[in-house]
1. Taking interchain pairs and intrachain pairs at least six residues apart, which have beta carbon atoms under 8 angstrom, with the first residue in the range 232-246 and within 11 Å of Tyr7 (Cβ to Cβ) and the second of a type in the set (Phe, Trp, Tyr) and open to solvent by 100 Å² or more (accessible area, probe 1.4 Å)?
2. Is at least one residue of the range 106-123 closer than 30 Å to Gly179 by Cβ and at pLDDT 90 or above?
3. Within the range 28-44, track down each residue that is open to solvent by 40 Å² or more (accessible area, probe 1.4 Å), at pLDDT 70 or above and not small (Gly, Ala, Ser).
4. Take Ala225 and tell me if it is in a loop (DSSP other than H, G, I, E, B) and either more than 17 Å from the chain's Cα centre (by Cα) or buried (at least 17 other Cβ atoms within 10 Å of the Cβ) (or both).
5. For the range 199-213, give me each residue that is surrounded by fewer than 20 Cβ atoms within 10 Å (Cβ to Cβ) and either modelled with pLDDT of 95 or more or touching a Gly at 6+ places or on another chain (Cβ under 8 Å) (or both).
6. Restricting to the range 6-20, name every residue that is of a type in the set (D, E, K, R) and more than 11 Å from the chain's Cα centre (by Cα).
7. Tell me which of these Ala194 doesn't satisfy, since it passes every other one: (1) of a type in the set (Gly, Ala, Ser); (2) open to solvent by 20 Å² or more (accessible area, probe 1.4 Å); (3) modelled with pLDDT of 85 or more.
8. Please count how many residues of the range 158-172 are assigned to a helix (DSSP H, G or I) and touching a residue at least 40 places away in the same chain (Cβ under 8 Å).
Amino acid sequence: MSQPWDYIAKLVCIGDSGTGKSSLTIRLCEGRFSSSHDVTIGVEFGSRIVPVGPPASKYFEIQRDDHTPNRSPPALASSILAASMTNAEPITTGLPSPPQRVPDFQKRMKLSLWDTAGQETYKSITRSYFRGASGALLVFDITRPSTFTSCTQWLHDLRQIAEDGIVVVLVGNKCDLAGDGSDQSQRCVTRQEAEEWCFQNNVVRYVETSAKSGEGVENAFLEVAERIHQKIDAGKYDLNDRRSGVKGFGAAGGTTPGISKTITLGLNDAMRKGGNGWTGSCC
């Protein structure tokens with residue numbers, strides 16, 4: 001039996017309270033949406049295995065570290081993610097007879113997702129969870145301009161504490177309320193404004209999502225995972241270093257493969273573990 005994943009990476013979801021960070025994590029890990037969710041205190045945890053590198057990356061235009069809009073075919077995300085959970089089979093090429101079978105094995109990355117509290121009250125606690133993260137989703141609500149304005153401070157805090165070169169993707173959530181071009185539109189932050197902010201702040205990509213409908217959610221996480229994989233290929237992580245935000249299979253301890261789950265840590269857990277046991281590891 002092949003190994004369930006090749007790498008494990010720690011990701012943090014950050015942003016103001018009420019922007020939908022928990023809903024995005026639940027949508028990715030459990031495939032569901034809840035219209036009511038308790039305010040996150042400290043951090044909540046989930047995990048999901050996603051494909052990285054070819055052949056899956058060919059279907060998503062994530063090859064370049066530029067700020068061009070993401071033109072990934074949204075309909076392909078679910079099918080590629082589902083296919084990545086099965087053992088990859090060799091493919092038959094169109095080479096001259098007799099046909100040759102070429103092994104084309106899909107790499108997989110287990111994302112260890114840390115959904116942090118957005119309230120100012122808990123910032124001193126949640127900042128400690130930034131350490132050891134190799135990727136981040138910086139989430140704002142496209143219907144609330146104040147949450148977009150706050151992204152600058154969130155990004156500053158993240159880069160002060162997290163590892164150098166952390167991969168950051170800006171996520172505009174609640175795009176189901178945008179209704180672009182209609183009188184019912186609740187959009188207050190335009191795509192152009194968000195993409196310009198990314199360019200000015202050296203953030204690799206802007207993705208719009210809806211935790212309610214699921215639109216763009218998997219693409220947002222795939223963007224982060226694929227760019228972390230690029231850094232792995234470039235040798236920017238020591239996969240055997242327990243302090244690294246990325247590890248190779250077998251170096252991260254005994255996790256249960258293929259299981260997506262959410263564990264809620266209370267405030268006492270956050271205060272007790274935030275400064276030591278949870279910050280230097282990705283799982």
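The values are calculated or read from the model by the stated rules, or taken from the named source; none is laboratory data. The structure displayed is predicted, hence computed values, not measured ones. A quick note on method: Cβ atoms are made from the backbone with ideal geometry, for glycine too, and the neighbour counts reach across all protein chains shown. The area values use the complete protein model at the heavy-atom level, side chains included, leaving out ligands, DNA and RNA. Shrake-Rupley method; radii C 1.70, N 1.55, O 1.52, S 1.80 Å.
1. Sorted first by the residue in the range 232-246, then by its partner, the list stays empty.
2. yes
3. Selection gives Glu30, Arg32, Phe33.
4. Judged against the criteria, Ala225 is not a match.
5. The answer is Phe199, Gln200, Asn201, Asn202.
6. Asp6, Asp16
7. The single condition Ala194 does not satisfy is (2).
8. 1
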